[in-house]
Amino acid sequence: MASANDRLSDLAIGHQIYLQRYGGGVARKIIALLNRVDADLYRQLTEALERLPREAFTVQRLDQLLVSVQRLNADVYRDAGEELDRALMELAGYEASWQHRAIQSALPAAVAEKLSLNTVTASQAHAAAMARPFQGKLLREALTGIEQARAYRIRDTIRMGFIEGLTIDQMVRRLRGTRALGYADGLMEVDRRGAEALVRTAVNHTANYARQAMFEANADLISEWEFVATLDGRTTLTCASLSGKTFKLGTGPQPPRHWGCRSTAVPVLKSAWEALGLSKSEIDPGTQASMDGQVAGDISYGQWLKSKPAAFQDEVLGPERGKLFRDGGLNVDRFTDQRGKVYTLDELRKRDADAFEKAGMLAA
């Protein structure tokens, strides 16, 4: 009989897959917002450079001409920050609610009916995440850093262009890239990748601290949390070495551990009936066995996915890759991609409800 902690771990791994996909969807919205402004930015940049004859070039004059371009750049990153903050506020509330349902569903019915789990509001979960830095910076600081890096990249590229004798078109193309390659060959692609990594990391950061707030609100039931990494070809040594280790609430190396980190935290339920406020005599032997307090056994992502139904494997990998995974002997790291299918929060709720049903634990 699977223990409550085993069931929680199983639910959490499936949930993390959908969170990664949701993060990809938010990242695409933010990148689309930045891209919509690019045409106007390059137009302003071209007009500014046309007002600066080559023989009159100085760094001071160039910086004066670029003021409107830098202002537009700052404005779009401010808008992107506001859009991201709205998404993270909604996610924080959803994650706290999901953790509540997951814990309640994983508990044996005889235990669940005797316990009342505390809840955490969206604002509480969001505040917990925003108050803590990731990669040494608060979210707003990280966004400002990317905006400033892009501003410096524009300025420095134009300065070097004048020194090298490039035309205005050549300077702008160096920044923007070429249409034939989808503008991926321009220097500004670095900033798009940076923004995408920040958004994905911010989603995992927000989800983690929302769940940690939920754990701490129910410290009478939850004794520790377990670090669980996605073990595939892209997992860092740091995350792989931490996977399966447990830490007291409020302590330990919290995910995300690095940009783009996909690791998650899983609650470890207590086993001592007295600690749960219950009498052991009230609980039948089968229920006692399912609440043994043992941490769920560490398992690789590929091993875990092999234990799932073919329909779930196809949902995660796609039908063709699912068949290759089952019948062709290919490992997950051969065809999994962090840029997965885009899920909205409404779709995420539906996907998670399905996961509960497949596990035999209906979500409320």
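What follows is calculated from the coordinates using simple rules that are stated; it is not laboratory data. Every value quoted in this text rests on a predicted model; they were computed, and no experiment measured them. Cβ placement follows ideal geometry from the backbone for every residue including glycine, while neighbour counts extend to all protein chains displayed.
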Please grab the % of Cα pairs in region 4-218 that end up more than 25 Å from each other.
50
Using only the Cα atoms of region 104-210, each taken as one equal point scatterer with no solvent, compute I(q) by the Debye sum, divide by I(0), and report log10 of the ratio at q = 0.11, 0.22, 0.24 Å⁻¹.
-0.57, -1.10, -1.19
Net +/- balance of residues flanking VAL37 in space, Cβ distance below 10 Å, scoring K and R +1, D and E -1:
-3
Would you mind ranking GLU216, GLU82 by Cβ crowding within 10 Å, fewest neighbours first?
GLU82, GLU216
Could you tell me the extents of region 57-123's C-alpha atoms along the three principal axes, largest first, rounded to whole Å?
79, 15, 12
Where a ≥ b ≥ c are the square roots of the eigenvalues of the C-alpha gyration tensor, would you call region 193-268 rounded, which needs a/c under 1.5, or, failing that, prolate if a/b is larger than b/c, or oblate?
oblate
If you build the Cα gyration tensor of region 1-51 and take the root of 5 times each eigenvalue, what three semi-axes come out, in whole angstrom, biggest first?
49, 7, 4
Once the piece of chain linking THR251 and ALA112 is laid out straight, how much longer is it, given 0.36 nm per residue of separation minus the C-alpha distance between them?
47.4 nm
The answer for the net charge of residues other than ASP327 whose Cβ lies under 13 angstrom from its Cβ, with Lys and Arg +1 and Asp and Glu -1, is +2
Once Lys and Arg are counted +1 and Asp and Glu -1 for all other residues with Cβ under 12 Å from that of GLN124, the total becomes -2
Taking the Cβ of each residue in MET89, MET214, MET160 as the centre, tally the other Cβ atoms inside 10 Å and list the residues starting with the fewest.
MET160, MET89, MET214
